[in-house]
Amino acid sequence: MDRVERLAALASFFACSAAEAERLNDAMAFVTYPHGQKLIHQGDLGAKVWIVLAGQAQLQVIGGDGQVQLLMAHGPGELFGALPHERVFVSDVVARDRIAVLEVATSRLARLVQEEARIGSGLAMILARQYHAALDRMAARITLSATGRVYSELLNAAGDGDTIAPPPVVAALGLMAQTTRETASRAINGLMRRGIVRRDAGRLTIVSRKLLEDMII
């Protein structure tokens, strides 16, 4: 991603001017991480903030049963890290697929927020969206069945469209839905048998979004 693309992304994420996006970009480093790499280890003292441009960062913890549990996931336009001050992280942060991020020191981002009102308001809006997404996922864990959570995560992955490209990794989908790989696999295979989703080369297509939505229980 070149400078022009990064500036456009920052202006969109923060709803700020081109000049303010320039200030943000100048304070940040563009970095990519391969699939499976840990950006943060549980117990580390963090002093950075990351803004996701592409891919997904997953916050993972080890549950009481020794299994990996997904605490949170952050995709393009979302941020994570030490805010508003340095802090000890309560989870690992792991790259899913290959991710591209902008890194900035916590202290430097805090100064920009104080100096530029629109950057501060943009940051507040990003965090508000993430807060509501976290509430939605918590509600799903409490109210939906395991297969219902898998269906919900498929819709989340598709966004406003009907295509997921590349197709989701079943193990990662199960982790997102807080269920097993086997359950996620059975759920997707069932959808394919009924013609609700279709797997083609390099993509998974939701053929009937309405039917899939009706199955989320």
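Points worth noting:
- Being closer than 28 Å to ARG141 by Cα and touching an Asp or Glu at 6+ places or on another chain (Cβ under 7 Å) is a property that PHE80 lacks.
Rundown of residues vs (1) open to solvent by 80 Å² or more (accessible area, probe 1.4 Å); (2) out of contact with any Leu (no Cβ under 7 Å at 6 or more places or on another chain), yes/no style:
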site	(1), (2)
LEU71	no, no
GLY120	no, yes
ILE126	no, no
ARG129	yes, yes
THR143	yes, yes
TYR151	no, no
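- Only one of the numbered conditions (1) modelled with pLDDT of 90 or more; (2) touching a Lys or Arg at 6+ places or on another chain (Cβ under 8 Å); (3) more than 19 Å from ARG209 (Cα to Cα); (4) of a type in the set (D, E, K, R) is violated by ARG141, and that is (1).
- Tally, over segment 76-90, of residues that are surrounded by fewer than 19 Cβ atoms within 10 Å (Cβ to Cβ) and not in a strand (DSSP E or B): 8
- Qualifying residue in segment 193-215 (condition: of a type in the set (Gly, Ala, Ser), closer than 24 Å to PRO76 by Cβ and open to solvent by less than 20 Å² (accessible area, probe 1.4 Å)): no
- Those helices (runs of 4 or more DSSP H) of segment 105-217 in which 1 or more residues are charged (D, E, K, R) and either in contact (Cβ under 8 Å) with a residue 40 or more places away in the chain or under 21 Å from GLN56 (Cβ atoms) (or both) occupy 106-115, 117-143, 146-158, 181-193, 209-214.
- Scanning segment 170-206 for residues that are in contact with a strand residue (DSSP E or B) (Cβ under 8 Å, 6 or more places away or on another chain) and closer than 19 Å to GLN67 by Cβ returns ALA172, LEU175, MET176, GLN178.
- Sole exception among (1) surrounded by 15 or more Cβ atoms within 10 Å (Cβ to Cβ); (2) within 21 Å of ALA105 (Cα to Cα); (3) of a type outside the set (Phe, Trp, Tyr) for GLN60, by number: (2)
- Given (1) among the small types (Gly, Ala, Ser); (2) under 17 Å from LEU70 (Cβ atoms); (3) buried (at least 19 other Cβ atoms within 10 Å of the Cβ), index of the condition ALA139 fails: (3)
The values are calculated or read from the model by the stated rules, or taken from the named source; none is laboratory data. Predicted, not measured: the structure shown is a model, and the values here were computed from it. Here Cβ is always computed from backbone atoms with ideal geometry, including for glycine, and neighbour counts include all displayed protein chains. Ligands, DNA and RNA are stripped out before the accessible areas are found, and what is left, the full protein with its side chains, is counted by its heavy atoms. Shrake-Rupley method; radii C 1.70, N 1.55, O 1.52, S 1.80 Å.
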